[in-house]
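Heads up: the structure comes next, in structure tokens.
The values are calculated or read from the model by the stated rules, or taken from the named source; none is laboratory data. Remember, it's a predicted structure, so these values are computed and weren't measured experimentally. In this analysis, Cβ positions are derived from the backbone assuming ideal geometry, glycine residues included, and neighbour counts consider all displayed protein chains.
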Amino acid sequence: MIAIKAPVQKIYNLALSTVLPPCCPGCDDATLNPYVFCAKCWAKINFIQKPYCSCCGMPMPYEDGTLVCVACLAYPPHFDQGRCVSHYEGLMRDLTLKLKHGDATYLPRSLSPWLVEVGKEFWIQTDYLIPVPLHRWRLVRRRYNQATLLARAIAKRTKLPVLTNILIRHKATASQGHKTRQERVKNVQGAFTVKDSHGLLNGKTVTLIDDVWTTGATLEACAKVLKKAGVSTVNVLALARVVQDM
């Protein structure tokens, strides 16, 4: 059965590529492989590179020996480490909005290799992947949680389990868009809870997955309740980050 299946699958893929040639998810230009970005789109992504804060992953203008940003020194976060793929701008902003609001549920398969690479220092220690949850009514309206789709795409590559019903957003908060940092922090206060009656998270290391990191208020709120529930280490991995000019 296995010897027959592989050639048949190869012929099927070839026929499908002939009828529907693979295209870049960023610009729809023809590519050699499906779900792969073309070189032109790769060049449009402003990837976050070193030097960056060793705690939250915020890009730093230069390396001064400490590699911890002022914000983390002044207000140590509840999470342990955070990393992001790119700046939230240009093509990455378009892709993120398309995933969140445009029903582009195919995008996580293309974006997950970047997330897996950026979060590679987390995977050996991670016990569970946990996507930042949506409130149930927002989930009904949108029909999917983009953070869950990203987490599941990462899971396929890392073989790590995803927990989707343990971190709960029980408070229907207003959209975080166009809010100040103070407003965002207040907006998500008490919005999350952990339902872990079997102590599954006790002493474990989890990686929180989200699409956009703006001020970090939502991620902080999630990390805080996870730590309170017994999680020993909370790492954060996001697709894109809003970075203010320095």
So, first residue within 30 Å of Pro25 (Cα to Cα) in the stretch 44-63, second residue among the β-branched types (Val, Ile, Thr) and not in a strand (DSSP E or B), Cβ within less than 6 Å, six or more apart or across chains; the pairs are Pro59/Ile48; Pro59/Val243
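Quick check on Leu111: is it at pLDDT 95 or above, in contact with a strand residue (DSSP E or B) (Cβ under 9 Å, 6 or more places away or on another chain) and farther than 27 Å from Lys227 by Cβ? Spell out the reasoning first.
Details: at pLDDT 95 or above: yes; in contact with a strand residue (DSSP E or B) (Cβ under 9 Å, 6 or more places away or on another chain): yes; farther than 27 Å from Lys227 by Cβ: yes.
So Leu111 passes the test.
Taking the condition of being among the hydrophobic types (A, V, I, L, M, F, W, C), touching a residue at least 60 places away in the same chain (Cβ under 8 Å) and within 14 Å of Lys159 (Cα to Cα), how many residues in the stretch 124-138 meet it? Let's see the steps before the verdict.
Going through the stretch 124-138, the residues among the hydrophobic types (A, V, I, L, M, F, W, C) turn out to be 124, 129-130, 132, 134, 137.
Remaining after also requiring touching a residue at least 60 places away in the same chain (Cβ under 8 Å): 129-130, 132.
Keeping just the survivors that are within 14 Å of Lys159 (Cα to Cα) gives 129-130.
Residues that pass the stated criteria total 2.
Filter the helices (runs of 4 or more DSSP H) completely within the stretch 135-246 down to those with at least 2 residues that are of a type in the set (Val, Ile, Thr), within 25 Å of Ser86 (Cβ to Cβ) and at pLDDT below 85.
Filter on the stretch 135-246 gives 181-188.
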Out of the residues in the stretch 43-79 that are modelled with pLDDT of 90 or more, of a type in the set (Gly, Ala, Ser) and assigned to a loop (DSSP other than H, G, I, E, B), state the one that is nearest to Leu237 (Cα to Cα).
-> Gly57
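When you look at Arg141, is it more than 16 Å from Ile209 (Cα to Cα) and without any contact (Cβ under 8 Å) to a residue 24 or more places away in the chain, yes or no?
Numbers: more than 16 Å from Ile209 (Cα to Cα): yes; without any contact (Cβ under 8 Å) to a residue 24 or more places away in the chain: yes.
So Arg141 passes the test.
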